[in-house]
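Chemist: One structure, as structure tokens, below. Some questions next.
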Amino acid sequence: MELNTRGLSIGFVLLPRFTLLPFAGFVDCLRLAADEGDMSRQLRCNWTFMTSDGESALSSSGAAISPCQTYQPPENFDYLVVIAGVLKDKEMVDRVTIDYLKRADRLGVPLVGICTGVFALIQAGLMNRRRCCVSWYHHTDLVKRFPQVTPESDQLFIDDGDRLTCAGGIASADLAAYLVERHLGRAWAKKSLHIMLIDEARQGNHPQPHPLVLNKVDNRQVRKAISLIEQHLGELIPIDELAERVGCSRRALERHFRETLGVSPQKFSRDLRLRYGLWLLNFTQKSITEVGERCGFSDTAHFSRNFKDSFGYTPSEVRKGETQLPENLVDPFFLHIGKLDG
């Protein structure tokens, strides 16, 4: 492949409360590839930080990126990288930004959605009939907001030509290295990652790291089934459908679950959804009815009954702080092998 002799030019569209880690991983990979040693001159790569009003960009951690410019002509860049963060409001993107992204699309400038930046591309109507990568952690949020979109959360990033989407986190450095290698060559990509203490670039189809339970599961079909259950915590996937999607019979899947985890897939799914409900009760302000619905239970009574059977307390008692549940149960990484009281 012929390399780009004029280097690599990136425009960053930083949305309010963007996540700092994926931004830092991406831009530092560019910085280290741009110059010899650690001089940070924008020689082989150049980048521009932009916001809709040209003011500093405030990250979700409170750190601000400055200086930023107003949106520059899209044709100045090889890629526009959109980085978003906290999903506070339904409408994440202002009209100025939407118009800018649409203009870039009309000009044929490739658009990159990092972390929840993909939500912005969807909101702008630029992901129709496109493959879409999102973190497993935000999979449910995306499906709830944009039911017409089918996200993929079993890999780090997706290159779909003039749309690239990335799960976020440190995977943004893998995507940046992928683009550096494409435009400047493998040596510059490897140089950046080595200085960042990353052994080697992971390919886009590399699986996303999932909660700790998967580290204890060797069976490929059970791992795939767990990933599907995680991605659909708000709904029940019939076991026959789950088996078909992982490529085996229902009887085989049930046998694999019992051999690997000691429980049926039905019980694993129920326990997982209840764990998720427990976490939501502790760390969100959602009503008990909303929590039950988000965890795939048909009504509040059904959710409350199953919840008390499993934890010994009602959701109302948990919400009021009238419980003494083990700390490991109230964990954002709510997957633990074994009994709920283990």
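Chemist: Quick one: is Leu175 modelled with pLDDT of 85 or more, under 17 Å from the mean Cα position of the chain (by Cα) and assigned to a helix (DSSP H, G or I)?
Modeler: Criteria met by Leu175.
Residue-by-condition table, conditions (1) more than 22 Å from Arg17 (Cβ to Cβ); (2) at pLDDT 95 or above:
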residue	(1), (2)
Arg31	yes, yes
Ser40	yes, no
Glu55	no, yes
Ala64	no, yes
Tyr71	no, yes
Phe77	yes, yes
Val82	no, yes
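Chemist: Ok, one more. Only one of these conditions is not met by Thr165: (1) in a loop (DSSP other than H, G, I, E, B); (2) crowded, with 21+ Cβ neighbours inside 10 Å. Which number is it?
Modeler: Thr165 satisfies all of (1) in a loop (DSSP other than H, G, I, E, B); (2) crowded, with 21+ Cβ neighbours inside 10 Å except (1).
Chemist: Give me a count of the residues in the range 262-304 that are closer than 24 Å to Asn219 by Cβ and in a helix (DSSP H, G or I).
Modeler: Here the count works out to 12.
Chemist: Can I ask one more? Condition first: more than 22 Å from Leu43 (Cβ to Cβ) and surrounded by fewer than 22 Cβ atoms within 10 Å (Cβ to Cβ). Now tell me which residues in the range 168-197 satisfy that.
Modeler: Scanning the range 168-197 gives Gly169, Ile170, Leu197.
Chemist: Collect the residues in the range 135-161 that are within 9 Å of the chain's Cα centre (by Cα), open to solvent by less than 30 Å² (accessible area, probe 1.4 Å) and more than 13 Å from Phe119 (Cβ to Cβ), keeping them in residue-number order.
Modeler: Ser153, Leu156
Chemist: In the range 104-126, what count of residues is obtained for those that are touching a Leu at 6+ places or on another chain (Cβ under 7 Å), open to solvent by 10 Å² or more (accessible area, probe 1.4 Å) and not in a loop (DSSP other than H, G, I, E, B)?
Modeler: Result for the range 104-126: 1.
Chemist: While we're here: What's the number of the only condition in (1) open to solvent by 50 Å² or more (accessible area, probe 1.4 Å); (2) modelled with pLDDT of 90 or more; (3) in a loop (DSSP other than H, G, I, E, B) that Cys248 fails to meet?
Modeler: Tallying (1) open to solvent by 50 Å² or more (accessible area, probe 1.4 Å); (2) modelled with pLDDT of 90 or more; (3) in a loop (DSSP other than H, G, I, E, B), Cys248 fails exactly one: (1).
Chemist: Select from the range 305-326 the residues that are touching a helix residue (DSSP H, G or I) at 6+ places or on another chain (Cβ under 6 Å) and either acidic (Asp, Glu) or part of a loop (DSSP other than H, G, I, E, B) (or both) and write down the one among them that is nearest to Leu236 (Cα to Cα).
Modeler: Step by step, filter the range 305-326, then rank; the result is Thr314.
Chemist: Continuing with the same structure: Of the residues that sit in the range 84-103 and are buried (at least 18 other Cβ atoms within 10 Å of the Cβ) and within 24 Å of Thr284 (Cβ to Cβ), which one is modelled with the lowest pLDDT?
Modeler: Met92
Chemist: State all residues of the range 272-288 that are touching a residue at least 60 places away in the same chain (Cβ under 8 Å) and of a type in the set (A, V, I, L, M); if no residue qualifies, say none.
Modeler: Leu272, Leu274, listed by residue number.
Chemist: Also, quick follow-up: Within the set of pairs 6+ apart or on separate chains, which have a first residue in the range 165-176 that is touching a residue at least 24 places away in the same chain (Cβ under 8 Å), a second that is open to solvent by 10 Å² or more (accessible area, probe 1.4 Å) and part of a loop (DSSP other than H, G, I, E, B), and C-beta atoms under 6 Å apart?
Modeler: Ala167/Ser135; Ala167/Gln208; Gly168/Cys115; Gly168/Ser135; Asp174/Ala201; Asp174/Arg202
Chemist: Another question, if that's okay. Would you check which residues across the range 22-73 are among the acidic types (Asp, Glu) and part of a helix (DSSP H, G or I) and list them?
Modeler: Passing the criteria: only Asp28.
Chemist: Could you list, in sequence order, the residues of the range 32-50 that are in contact (Cβ under 8 Å) with a residue 40 or more places away in the chain and buried (at least 19 other Cβ atoms within 10 Å of the Cβ)?
Modeler: Leu32, Ala33, Arg44, Cys45
The values are calculated or read from the model by the stated rules, or taken from the named source; none is laboratory data. Keep in mind that this is a model prediction, so the values were computed, not measured. All Cβ positions, even for glycine, are placed from backbone atoms using ideal geometry, and neighbour counts span all protein chains on display. To get the accessible areas, we keep the full protein, side chains included, count just its heavy atoms, and leave off ligands, DNA and RNA. Shrake-Rupley method; radii C 1.70, N 1.55, O 1.52, S 1.80 Å.
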